[in-house]
Each structure stands twice: as C-alpha cells, then as structure tokens.
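K.L.:
First the structure, which I've put down as structure tokens, then a few questions once you've had a look.
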Amino acid sequence: MNPEYILALHTDAKAFGDHQVVQEYCISIYVGSCHCGSVKFEFDHDEIVSGLRCNCSICIRKGAIMTAFTLSVDELQIDIENDSLSTYEFGSSVAKHHFCKNCGIYTFHQTMRKPGHYRVNIGCINGIDSTNLPFDVFDGASL
Ligand SMILES: [Zn+2]
C-alpha cells in the first residue's frame, strides 16, 4: 500500500497486569477520482489492506472491489465538477449507485444495509493496486 500522505501515527497503550501492550497504527488520507477527474473524493482511514466484492446483480456486472468499511456522509468529502455525478437506483431504491456522467466510472455507492453510508471503489483510489488486494465476497445476491 502506498497512500499519498500519512496523517498521523497513533499509539494505543493498554495495560494487561504487569505488561503494557503498545499498538501503533497509521491513519492515512486517501484521495481518488473517476477517470476524467470530474468526480473527486477524499477520506481518512487506517491502512486499506483488503476489499469487498459482492455477487448481487449490479456488483457482479461492475466487477469492482469496494472498501470493506463504510464511510458516513461526513467522512467522505466529495467534489463534483459540472454536475457530473449521476445516480442509478433499482429495486427498493435504498442503495444509490453513483457514477460519473462524463466517463461512466462508478466511484462509490450508498449501501443498502446502511443507508447514508458509502463504500468506495478501491480502483478509483490513488496509490492502491486494487488487483493485488485480498477480498471477501458479500452474498448480496441472496438479499
Ligand atoms: Zn469522470
């Protein structure tokens, strides 16, 4: 992984009896965009080491690897030029599948199980080789 910036190094220290366990982890700023750059986004998170794929009727067609975590509306900063962001909905219309009207790239979606929260297309994030990430498969087809 090669996130663009390391925001901070956090240290958690916990006491277990006579011992103290120190855990260090990094928070990074992740920056990304659609292909043409009309839709840009940014968020803070600890290192992305795995992704999530889904076998529902739309995700299986997109083939994207998404973040395994979700981000609230406040946590994902989105910058849209020329009114380029469009939204595709189907079925219950709870999930919102967002994509760039200009280049067609699917950048993020609002999840069905956690409305108002986003998963981001890892392939759109700068500095991450999404083809090299391990991933879990979510059984969206059975929902
Ligand atoms: Zn675009």
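K.L.:
What residue, among those in the range 24-65 that are under 30 Å from Ser142 (Cβ atoms) and among the β-branched types (Val, Ile, Thr), is surrounded by the fewest Cβ atoms within 10 Å (Cβ to Cβ)?
P.N.:
Val49
K.L.:
May I ask you to verify whether Ile125 is modelled with pLDDT of 95 or more, within 16 Å of the ligand (Cβ to nearest atom), surrounded by 18 or more Cβ atoms within 10 Å (Cβ to Cβ) and aliphatic (A, V, I, L, M)?
P.N.:
Yes.
K.L.:
Please indicate, with yes or no, whether at least one residue in the range 76-84 is within 17 Å of Gly127 (Cα to Cα) and modelled with pLDDT of 95 or more.
P.N.:
no
K.L.:
Output the number of the condition that Arg61 fails; it satisfies all remaining conditions of (1) more than 16 Å from the ligand (Cβ to nearest atom); (2) closer than 20 Å to Lys114 by Cα; (3) not acidic (Asp, Glu).
P.N.:
Only one criterion in (1) more than 16 Å from the ligand (Cβ to nearest atom); (2) closer than 20 Å to Lys114 by Cα; (3) not acidic (Asp, Glu) is unmet by Arg61, namely (2).
K.L.:
Can you report the number of residues in the range 34-91 which are among the small types (Gly, Ala, Ser) and touching an Asp or Glu at 6+ places or on another chain (Cβ under 9 Å)?
P.N.:
Counting residues in the range 34-91 that are among the small types (Gly, Ala, Ser) and touching an Asp or Glu at 6+ places or on another chain (Cβ under 9 Å) gives 5.
K.L.:
Next question, about the same structure. Can you pull out the residues in the range 104-113 that are more than 11 Å from the ligand (Cβ to nearest atom), within 13 Å of the chain's Cα centre (by Cα) and farther than 12 Å from Phe41 by Cβ?
P.N.:
His109, Gln110, Thr111
K.L.:
Before we move on, is Val94 at pLDDT 85 or above, surrounded by fewer than 19 Cβ atoms within 10 Å (Cβ to Cβ) and either farther than 22 Å from Asn126 by Cβ or within 12 Å of the chain's Cα centre (by Cα) (or both)?
P.N.:
yes
K.L.:
Which members of the range 25-75 meet the condition of being charged (D, E, K, R), part of a strand (DSSP E or B) and within 14 Å of Leu133 (Cα to Cα)?
P.N.:
Correct list: Arg53 only.
K.L.:
Further, regarding this structure: Restricting to the range 77-103, name every residue that is away from the ligand (no atom under 12 Å from the Cβ), in contact with a His (Cβ under 9 Å, 6 or more places away or on another chain) and either of a type in the set (Lys, Arg) or closer than 17 Å to His117 by Cα (or both).
P.N.:
Within the range 77-103, Ile78, Thr87, Tyr88, Glu89, Ala95, Lys96, His97 meet the criteria.
K.L.:
For the range 76-91, give me each residue that is within 14 Å of the chain's Cα centre (by Cα) and touching a residue at least 40 places away in the same chain (Cβ under 8 Å).
P.N.:
Passing the criteria: only Leu76.
K.L.:
Please verify whether Phe108 is at pLDDT 95 or above, in a strand (DSSP E or B) and farther than 19 Å from Phe135 by Cβ, treating the condition exactly as stated.
P.N.:
No; evaluated as a whole, the condition is false for this residue.
The values are calculated or read from the model by the stated rules, or taken from the named source; none is laboratory data. Remember, it's a predicted structure, so these values are computed and weren't measured experimentally. Here the Cβ is made from the backbone with ideal geometry for all residues, glycine too, and neighbour counts use every protein chain on show.
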